[in-house]
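Report on the following structure.
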Amino acid sequence: MGKMKNFIIFIFLFFTSVCFAQMETFYADGPKDVKKIALTFDDGPGKSTEEILKILKEKNIKATFFMLGIRVHNDPDTANKVAAGGHEIANHTYEHINFYSYKEKDKIKKIEKELLQGESIIKQVTGIKPFLLRFPNGYSKSDAIEVARKRDYYVINWSFGCDWMKISAEGMHEKYKKALKNGAIFLMHDLSKNEKILSFLSNFIDEIKESGYEIVTISELLNFSN
Ligand SMILES: [Zn+2]
């Protein structure tokens, strides 16, 4: 019986330590007790980046941009404009591989390679070494979280996003408004195929502020210091 008890305690401690290790590395929203939210933009730099930067500047707020390495490589000027605007620069890997459907044997190595390639080009172009990461498609299985943790990254998903849905801009705007809550992390994209957000982003920012929320970067929302 003693052995069985020890075994149960071992299993319990093992799983709690795994859970805690992941809790420290992985987030999909911020604290529920503060009226703060974050806007995040994925996959850029893209066609909408400059317009989004203009809106953010007008509204005097900072957002977090999860940049795709290959697009930073292709459009370093726009990537630098985001950095110059004082926004937070984060890593979205290099090529946007969907690791949910990646079945090759080298998966772990590939995850690490994608992370490092994204980091390398972002650093080369903007001079910033990112420490926030979002895997394509919000991939958040433990294999990837572990790779990110070892590389000193926080993995950040989102609490709400719908700018890829085939719905009207008005419908989209409504959905974003309904998802407003303490600690919300909103996902949008700075690509031409997601340009419907441009028609309501400015108003949405006003509505967030009027509802008493502060719009901050992911680091500020989650109290990361580096
Ligand atoms: Zn993406």
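The values are calculated or read from the model by the stated rules, or taken from the named source; none is laboratory data. The model shown is predicted, which means the values in this text are computed figures rather than measured ones. Positions of Cβ are generated from backbone atoms using ideal geometry, with glycine treated the same way; all protein chains shown enter the neighbour counts. Heads up: the accessible areas ignore ligands, DNA and RNA and are worked out on the full protein's heavy atoms, side chains in. Shrake-Rupley method; radii C 1.70, N 1.55, O 1.52, S 1.80 Å.
Some points to look at:
- Scanning segment 162-215 for residues that are within 16 Å of the ligand (Cβ to nearest atom) and either farther than 21 Å from Gly138 by Cα or of a type in the set (Val, Ile, Thr) (or both) returns Ile185, Ile197.
- Sole residue being within 16 Å of the ligand (Cβ to nearest atom) and open to solvent by less than 80 Å² (accessible area, probe 1.4 Å), chosen from Ile52, Ile37, Ile61: Ile52
- Selected residue (criterion: farthest from Glu58 (Cα to Cα)) from residues of segment 80-111 that are away from the ligand (no atom under 16 Å from the Cβ) and buried (at least 20 other Cβ atoms within 10 Å of the Cβ): Glu88
- Here Gly69 meets each of (1) under 22 Å from Phe224 (Cβ atoms); (2) surrounded by fewer than 18 Cβ atoms within 10 Å (Cβ to Cβ) with one exception, condition (2).
- When segment 64-73 is filtered for residues that are out of contact with any helix residue (DSSP H, G or I) (no Cβ under 7 Å at 6 or more places or on another chain) and more than 11 Å from the ligand (Cβ to nearest atom), only Ile70 remains.
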